Amino acid sequence: MPTLRESIMTAPTDAVASPVRRKPLWHRVLCNWSVRLGGGVLTLLIIMAISAQWLGTIDPVAMDPSSGNLLPGTTAEFNNLSGDSFEHYFVMGTDSLGRDTWSRIAFGARVSLAVGVAVACLALAAGMLVGILAGYFRRLDNIIMRIMDSVMAIPSILFAITLMALWRPTLLTVVVAITIPEIPRVARLVRSIVLSIREEAYVEAAISLGTPTVMILVRHILPNAIAPLLVQGTYVCASAILVEAILSFLGVGLPPDIATWGNIMADGRTQFNQFPQTVLFPGIFLALTVLSVNILGDGLRDTLDPKFNKRGG
Amino acid sequence: MTQTNTAVLTIENLTIDLPSSADRRHAVREISFQVAKGEIVCLVGESGSGKSVIAQAVMGLLPQTLRHANGRIDLLGESILDLSEDRLRQLRGASMAMVFQEPMTALNPIMSCGAQVDEMLAQHTKLSARIRRARIIEIFQQVKLPDPERMYASYPHQLSGGQRQRIVIAMALILKPALLICDEPTTALDVTTQAEILKLIAELQRGSDTAVLFITHDLGVVAEIADQVVVLQLGEMVEQGATRQVLQQPREPYTQMLLASVPGLVPRDRPPVREAPALIRTNGLVKTYTSGAWPRRKHTVYAASDVSLQLLPGETVGIVGESGSGKSTVARCIARLIEPTAGDIYANGLSVANLQGRDLIPLRRVVQVVFQDPYRSLNPRRTVGQSIIEGPTNFGVSVDEAWTRAEELMTLVRLKPDALHRYPSEFSGGQRQRISIARALACDPQVLIADEAVSALDVSVQAQILDLLNDIQQKLQIGILFITHDLRVASQICDRVIVMQRGKIVEQGAIRDVFMHPQHAYTQALLAAAPGRDFAFGIA
């Protein structure tokens, strides 16, 4: 049958069924319960931080020594130092100086979340640049990674304390102090991703198509490295929130009059036995935030990690 | 155990459901066949035909997502699907054993080969350590491993691929199982090694009357080894029968199509190549890799040495050889993906061996590459269209113009132009390879380097792609440098062929001369090892 071979060869190949269209990526991400839970709680916390002044709060730094150490759920007269006087419902009680704990927590959330997001963004950006240079340009690799190793050898808390002593303790200083020790971690990850992607056949194809190196990095390597980076970003964010709280708690972060969760806990520490609520409430919020960021990260990893969708997607 | 017939394995109406998200309902549907004592049954089918799922089901190793199996699998009278995990564990190794595709991953890299086989014996028998060792040395001799004592103490990475597969076979056979399942055991091996392993399996099986369930996609291997054949397509049984009968008088159209797609070893007639100046010429090309740093001695490996070849317009030159022969190294040097250590490369008369960066643009316009793995050669995050117009826009063509050309190319590679807006993940392997070819052609190259471009494809798709390449070559008069390990494929598309071994060219000439009257011992060995060589494929 001489026609058989021909019939195979000339068969209209458009008729070959293409694989089923997969659900779009964002759809798969949003269907993941870890993403929903972590993302949901985190969204609530962000809303809380942004709209702090409308959530039954008063000035977080206003003091009234006469209403110090109130128990949660007390309604009392509040006389601030400028002479105003009004009734207030203290949901979470007050600290020894009579500052409203709930107000301080709600406003303190702004600091924690801002530090977390800022550190994550900066560390990712810097780590990505360093990692790409080290991963793609093999000659730079040794120099850059040895520098990164030495940065990694610096104890991060001590480094932060030094920076605070050298510069003024502002939000920017805190962010920089936490970012720098995080960069090597991100850089290592990016380098390893770039090392594996640059061996992919589509990168070689791009080279033989005459694509300039910069475009290869931007078009082919970066987009395929984004997913694991995003996951790493959430872990950096969680760790940054914790480190900021630690610095404040140790008294080397933002000045004690600014409401941050670490500062609130530090203030309550001396009276922890009698009035545990001043430490407990910010502690709960801190744990909740870090936990939700980490759960979100786990969910993102499950849906985005290239190991789970090798065949592209 | 009472046995009424000689069937070791009986599969009846086996149906395994796929999870609801899959593109078809059943992994396999209503499969029935038997494997008798001393018989080799081949399950043959293209990718996605469900042949490996059957092997997993027999071993009781189905993944969690495929747990809904109906029907019967009887091994020596026991129903596998109803057995407890404990009983299955007793049966595995003792009554049924498996040989996997990739011996490197089937062996534990941090245990010596002897210890791994010993573990198997210690688990299932109460023999003393001394007797176990003697048994292992004995089986190592049976699988024809050289120097069994040394092999016992060696680690997997110290052995060659063929030796590793022999260890895996030894491990499978040491408890004298009634059923041996081989899942593509020779696919990862070179063709000469494959011939040896097939011979070994056949010998051992005859010696011990083991029943063998042999899974393969290669009809050549089937012709070589099988007594019975079961042909699968998309999880359905298409045809079943004695090997001779199925291969010579296939009843079903699908089997006929498969057989017709297997390229024959007899070279095809090709239009003569006109004399013209060479598109690509290499002169004493050398590529070495150096390992070892001070204070140890430097160790230089010649990946390619003294390779001189040329390629004319409209001509296809094949480079064949086994893994490590340097064929891909030569191709990558010519495409200047790597830099040659010595020698020169001329593209259209221009020496390109030592150019760097932007200076290579003239070469990039002339030479384009199609890679082996269709799943990795397209960026998953860019649409097909973006991938195809990348080359032309790099060379200064406007996006609109490049897009119009891309639409024409889609028709040329027999895809619909609207495919340009879709992502690679929406296409099958063969379709992606067409897209890769279109991307290479978009730059109007004069030379196409196909580096194992059809090796990862199913045989029917392979035939289509080869035909497409032939067709394009006739239309555009481009030169094709075709790298392959598969002599059958080479015979279908090449005008001239270059045989490489350990970085050197051992023989070259017109394909008819080389394949019909091989001069060099290595070429003769390669041709003799081609599976199913006695069987006339491709002339159905």
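Percent antiparallel among DSSP beta bridges with both residues in region B:280-529, to the nearest 5?
Working: 22 of 40 bridges.
Of all bridge pairs located within region B:280-529, approximately 55 percent are antiparallel.
Place +1 on the Cβ of every Lys and Arg and -1 on the Cβ of every Asp and Glu in the protein assembly as shown, take the dipole about the Cα centre, and give the residue among A:Leu172, B:Ser20, B:Gly479 whose Cα lies farthest towards its positive end.
It is B:Gly479.
Step through the residues of region B:257-271 one at a time and calculate ³J(HN,Hα) from phi using the Karplus curve (6.51 cos²θ - 1.76 cosθ + 1.60, θ = phi - 60°), rounding each to whole Hz and writing x for Gly and Pro.
Going residue by residue, I get 5, 4, 5, 5, 7, 5, x, x, 7, 7, x, 7, 6, 10, x Hz, with x marking Gly and Pro.
Search the structure for amide H atoms under 5 Å from the amide H of B:Lys504, placed 1.01 Å from N in the peptide plane, and list their residues when 5 or more places away or on another chain.
Residues meeting the amide H criterion: B:Ser305.
Within region A:83-99, what residues put their amide N at less than 12 Å from the label point 7 Å along the Cα-to-Cβ vector of A:Ser66?
Counting backbone N atoms under 12 Å from the label point, the list is A:83-87.
Which percentage, to the nearest 5, of the DSSP beta bridges contained in the protein assembly as shown is antiparallel?
Details: 50 of 88 bridges.
The answer is about 55 percent antiparallel.
Using alpha carbon centroids, what distance separates region B:344-383 and region A:167-216, in Å?
The distance from the Cα centre of region B:344-383 to that of region A:167-216 comes to 26 Å.
Can you tell me the mean projection area, over all orientations, of the convex hull of region A:72-195's alpha carbons? Units nm², please.
On the way: hull surface 42.5 nm².
Approximately 10.6 nm², given one-decimal rounding.
Using a cut-off of 13 Å between beta-carbons, work out the net charge of the residues near A:Ile241 (Lys and Arg +1, Asp and Glu -1, A:Ile241 not included). Write out the running numbers ahead of the final one.
Working: positive: A:Arg110; negative: A:Glu182, A:Glu244.
That works out to -1.
Can you work out D for region B:106-176 in µm² s⁻¹ from Stokes-Einstein, where Rh is the Kirkwood radius over C-alpha pairs, the temperature is 10 °C and the viscosity is 1.306 mPa s?
On the way: Rh = 11.8 Å.
It comes out at roughly 135 µm²/s.
Counting Lys and Arg as +1 and Asp and Glu as -1, each charge on the Cβ, what is the dipole of chain B about the Cα centre in debye, to the nearest 20? Let's see the in-between values first.
On the way: 55 positive and 56 negative charges, 263 e Å.
Charge dipole of chain B: 1260 debye, to the nearest 20.
Could you work out the local net charge near B:Gly114, counting Lys and Arg as +1, Asp and Glu as -1, over the other residues with Cβ closer than 15 Å to its Cβ?
On the way: positive: B:Arg130, B:Arg132, B:Arg133, B:Arg135, B:Arg150, B:Arg164, B:Arg166; negative: B:Asp118, B:Glu119, B:Glu138, B:Asp147, B:Glu149.
It works out to a net charge of +2.
Taking neighbour Cβ counts within 10 Å as the exposure measure, how do B:Lys298, B:Lys416 sort from fewest upward? Provide the component values of the computation, followed by the final result.
Numbers: B:Lys298 9, B:Lys416 12.
Going from sparsest to densest Cβ surroundings: B:Lys298, B:Lys416.
Nearest 10 degrees is fine. How inclined is helix B:384-394 to the longest principal axis of chain B, computing both from alpha carbons?
That helix lies at roughly 30 degrees to the long axis.
Given a Förster distance of 22 Å, report the FRET efficiency between A:Ile157 and A:Arg269 from their Cβ-Cβ distance, rounded to the nearest 0.05.
Values: r = 18 Å, r/R0 = 0.80.
Given R0 = 22 Å and the Cβ-Cβ separation, E is 0.80.
How big is the dipole moment of chain A about its Cα centre under a simple scheme where the beta carbon of each Lys and Arg is +1, that of each Asp and Glu is -1, and everything else is neutral? Debye, nearest 20, please. Walk me through the numbers on the way to the answer.
Details: 23 positive and 21 negative charges, 305 e Å.
So the dipole magnitude of chain A works out to roughly 1460 debye.
Compute the angle between helix B:191-208 and the longest alpha-carbon principal axis of chain B, please, reported from 0 to 90 degrees and rounded to the nearest 10.
On a 0 to 90 degree scale, this one is about 10.
For a quick check: with amide H placed at 1.01 Å from N, whose amide H comes under 5 Å from B:Phe395's, ignoring anything fewer than 5 positions away on the same chain?
Placed amide hydrogens put nothing under 5 Å from B:Phe395.
May I ask for log10 I(q)/I(0) of chain B at q = 0.07, 0.11, 0.12 Å⁻¹, from a Debye sum over the Cα atoms as equal point scatterers with solvent left out?
Each listed q corresponds, in turn, to -0.46, -1.09, -1.23.
Taking each residue in A:190-202, count the Cβ atoms of any other chain within 10 Å of its Cβ, then average. What number comes out? Please report the intermediate quantities before stating the final value.
Working: counts 0, 0, 0, 0, 0, 0, 0, 1, 0, 1, 7, 13, 13.
Mean partner-chain Cβ count within 10 Å for A:190-202: 3.
Pulled fully out, how much extra length does the chain show between B:Glu236 and B:Lys144, if you take 0.36 nm times their separation in residues and subtract their Cα-Cα distance?
Numbers: separation 92, 0.36 × 92 = 33.12 nm, distance 3.80 nm.
Stretched out fully, the B:Glu236 to B:Lys144 stretch lengthens by 29.3 nm.
So, with +1 on the Cβ of K and R and -1 on the Cβ of D and E, and no other charges, what is the size of the charge dipole of the protein assembly as shown about its Cα centre, to the nearest 20 debye? Don't jump to the answer; show the numbers that get you there.
Values: 78 positive and 77 negative charges, 306 e Å.
Using only the charged Cβ atoms, the result is roughly 1480 debye.
Applying a 10 Å radius around every beta-carbon, put B:331-337, B:524-530 in order of their mean neighbour count, most first. Numbers along the way, then the final one.
Working: B:331-337: 22.7, B:524-530: 17.3.
Ranking, from highest mean packing down: B:331-337, B:524-530.
Need one number: nm distance between label points at B:Ile131 and B:His517, each 7 Å from Cα along Cα→Cβ, rounded to one decimal.
For B:Ile131 paired with B:His517, the spin-label model returns 6.2 nm.
Picking from B:Thr523, B:Gly343, B:Ala170, whose Cα lies most toward the positive end of the charge dipole for chain B (charges on Cβ: Lys, Arg +1; Asp, Glu -1)?
Ranked along the dipole, the leading option is B:Gly343.
Could you put A:Val214, A:Val29, A:Val293 in order, starting from the residue whose Cβ has the fewest other Cβ atoms within 10 Å?
On the way: A:Val214 8, A:Val29 18, A:Val293 29.
Result, fewest neighbours first: A:Val214, A:Val29, A:Val293.
Using a basic spin-label model with each label point 7 Å from the Cα along Cα→Cβ, how many nm lie between A:Ile46 and B:Tyr155?
Calculated label separation equals 4.9 nm.
What is the helix-to-structure angle for A:277-304, meaning the angle in degrees between its Cα long axis and the longest Cα principal axis of chain A, kept from 0 to 90 and rounded to the nearest 10?
It works out to around 10 degrees.
Express in % the proportion of alpha carbon pairs of the protein assembly as shown at distances exceeding 47 Å.
Details: 145108 of 363378 pairs.
Within the protein assembly as shown, distances greater than 47 Å cover 40 percent of Cα pairs.
From the phi angles alone, apply the Karplus equation (6.51, -1.76, 1.60; θ = phi - 60°) to region B:76-84 and give each ³J(HN,Hα) in whole Hz, x where the residue is Gly or Pro.
These are the phi-based 3J(HN,Hα) values: 6, x, 9, 8, 4, 5, 9, 7, 6 Hz.
Mind listing the phi-derived Karplus ³J(HN,Hα) values for region B:129-143, rounded to whole Hz, using 6.51, -1.76 and 1.60 with θ = phi - 60°, and x for any glycine or proline?
These are the phi-based 3J(HN,Hα) values: 4, 5, 5, 4, 4, 4, 4, 5, 4, 5, 5, 4, 5, 4, 8 Hz.
If contacts are Cα pairs under 8 angstrom and at least 6 residues apart, what is the relative contact order of region A:122-242 in percent?
Answer for region A:122-242 is 34 percent.
Let me confirm one metric for peptide B:421-427, namely the mean number of other chain beta-carbon atoms within 10 Å of its residues' beta-carbons. Intermediate values should be presented prior to the final figure.
Numbers: counts 0, 2, 4, 4, 8, 7, 3.
Other-chain Cβ atoms within 10 Å of each residue's Cβ, averaged: 4.
Putting +1 on Lys and Arg Cβ atoms and -1 on Asp and Glu Cβ atoms, find which of A:Leu250, B:Leu180, B:Asn354 reaches farthest to the positive end of the dipole of the protein assembly as shown.
Selected residue: B:Asn354.
Any chance you could list P(r) for chain A, counting all Cα-Cα pairs in 20 angstrom bins from zero, rounded to whole %?
Computed distribution, short to long bins: 26, 44, 21, 7, 2, 0.
Over the Cα atoms of region B:258-312, what radius of gyration and what Dmax do you get, in Å?
20.3, 58
Shielding by partners for B:390-396, please: the mean number of other protein chain Cβ atoms within 10 Å of each residue's Cβ.
Numbers: counts 8, 6, 2, 4, 6, 2, 0.
Rounded to a whole number, the mean comes out at 4.
Laboratory data are not the source of any read-out in this text; all were calculated from the coordinates shown. Just so it is clear, the model here is predicted, and its values are computed rather than measured. Neighbour counts are summed over all protein chains in view; Cβ atoms, including those assigned to glycine, are modelled from backbone coordinates with ideal geometry.
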